[in-house]
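Note sheet for the following structure.
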Amino acid sequence: MILLRHAKSDYPDGVADHDRPLAKRGIREAALAGDWIREQLPPVDAVLCSTATRTQQTLARTGIDAPVTYAERLYDATAGIAIDVINGAPEAADTLLVIGHEPVMSSLALSLASLDTSDRDAAGQIALKYPTSAIAVLHTDRHWSQLELHSARLVEFHIPR
């Protein structure tokens, strides 16, 4: 599973938070995130994406071509809500990309990570800061419907710049 925080967003006057677009830096960094995912990880089989404009634009800029489910519940979510959304992901998808927001991405990564088997340096970095465009990679042997707290192994944390 890949947890991608949306790329850097802009703050135009009069635009609601849900509708904020990517900033120029975000457009560039979302493409870098997509390049890294394609070069370093198995092909993405399915995507769960928040309905916010900046998450949808992040997905578009990554260039990742996989079936997408836009989930309103991923916007302003908690880790528990995000896990519930993930539990509904297609079972046939081996590699799932989730695109969301802070603070849920960091709490989700750390909540899913098994303390015994996860990369402690990666967990420490996530605990300090989960910046825009950052990517957490977790492995699990469970079906998405059975994913729960501490049932995955955090293996990597990458910040594309």
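Return yes or no: is residue 137 open to solvent by 10 Å² or more (accessible area, probe 1.4 Å) and of a type in the set (A, V, I, L, M, F, W, C)?
For residue 137, the condition - open to solvent by 10 Å² or more (accessible area, probe 1.4 Å) and of a type in the set (A, V, I, L, M, F, W, C) - is not met.
Checking residue 144 against (1) open to solvent by less than 40 Å² (accessible area, probe 1.4 Å); (2) under 24 Å from residue 22 (Cα atoms); (3) in contact with a Pro (Cβ under 9 Å, 6 or more places away or on another chain), which single condition isn't satisfied?
(2)
Given the condition open to solvent by less than 20 Å² (accessible area, probe 1.4 Å) and either assigned to a helix (DSSP H, G or I) or among the hydroxyl-bearing types (Ser, Thr, Tyr) (or both), answer yes or no: does some residue in region 41-48 qualify?
Among the residues of region 41-48, not one is open to solvent by less than 20 Å² (accessible area, probe 1.4 Å) and either assigned to a helix (DSSP H, G or I) or among the hydroxyl-bearing types (Ser, Thr, Tyr) (or both), which makes the answer no.
Answer with yes or no whether residue 60 is open to solvent by 10 Å² or more (accessible area, probe 1.4 Å), over 15 Å from residue 160 (Cα atoms) and in a helix (DSSP H, G or I). Please lay out each step first, then the result.
Values: open to solvent by 10 Å² or more (accessible area, probe 1.4 Å): yes; over 15 Å from residue 160 (Cα atoms): yes; in a helix (DSSP H, G or I): yes.
In short, yes.
From the residues in region 63-87 that are assigned to a loop (DSSP other than H, G, I, E, B) and acidic (Asp, Glu), which one is farthest from residue 109 (Cα to Cα)?
Among those that are assigned to a loop (DSSP other than H, G, I, E, B) and acidic (Asp, Glu), it is 65.
Is at least one residue of region 44-55 in contact with a Gly (Cβ under 9 Å, 6 or more places away or on another chain), more than 14 Å from residue 3 (Cβ to Cβ) and in contact (Cβ under 8 Å) with a residue 12 or more places away in the chain? Can you show your working first?
At the first step, the residues of region 44-55 found to be in contact with a Gly (Cβ under 9 Å, 6 or more places away or on another chain) are 48-50, 52, 54-55.
If we keep only those that are more than 14 Å from residue 3 (Cβ to Cβ) too, we end up with 52, 54.
Still in the list and also in contact (Cβ under 8 Å) with a residue 12 or more places away in the chain: 52, 54.
Among the residues of region 44-55, at least one is in contact with a Gly (Cβ under 9 Å, 6 or more places away or on another chain), more than 14 Å from residue 3 (Cβ to Cβ) and in contact (Cβ under 8 Å) with a residue 12 or more places away in the chain, which makes the answer yes.
Please pick out the residue among 120, 161 that is open to solvent by 40 Å² or more (accessible area, probe 1.4 Å) and modelled with pLDDT under 95. Write out each step before concluding.
On the way: 120 fails: modelled with pLDDT under 95.
Only one candidate passes the filter, namely 161.
Among all residue pairs at least 6 apart or on different chains, which show Cβ distances below 7 Å where the first residue, located in region 132-161, is without any contact (Cβ under 8 Å) to a residue 24 or more places away in the chain and the second is open to solvent by less than 90 Å² (accessible area, probe 1.4 Å)?
From residues that are without any contact (Cβ under 8 Å) to a residue 24 or more places away in the chain, the pairs are 142/151.
The values are calculated or read from the model by the stated rules, or taken from the named source; none is laboratory data. Given the structure is predicted, the values throughout are model-derived calculations rather than measurements. Positions of Cβ are generated from backbone atoms using ideal geometry, with glycine treated the same way; all protein chains shown enter the neighbour counts. The accessibility values were calculated without ligands, DNA or RNA, using every heavy atom of the protein model including side chains. Shrake-Rupley method; radii C 1.70, N 1.55, O 1.52, S 1.80 Å.
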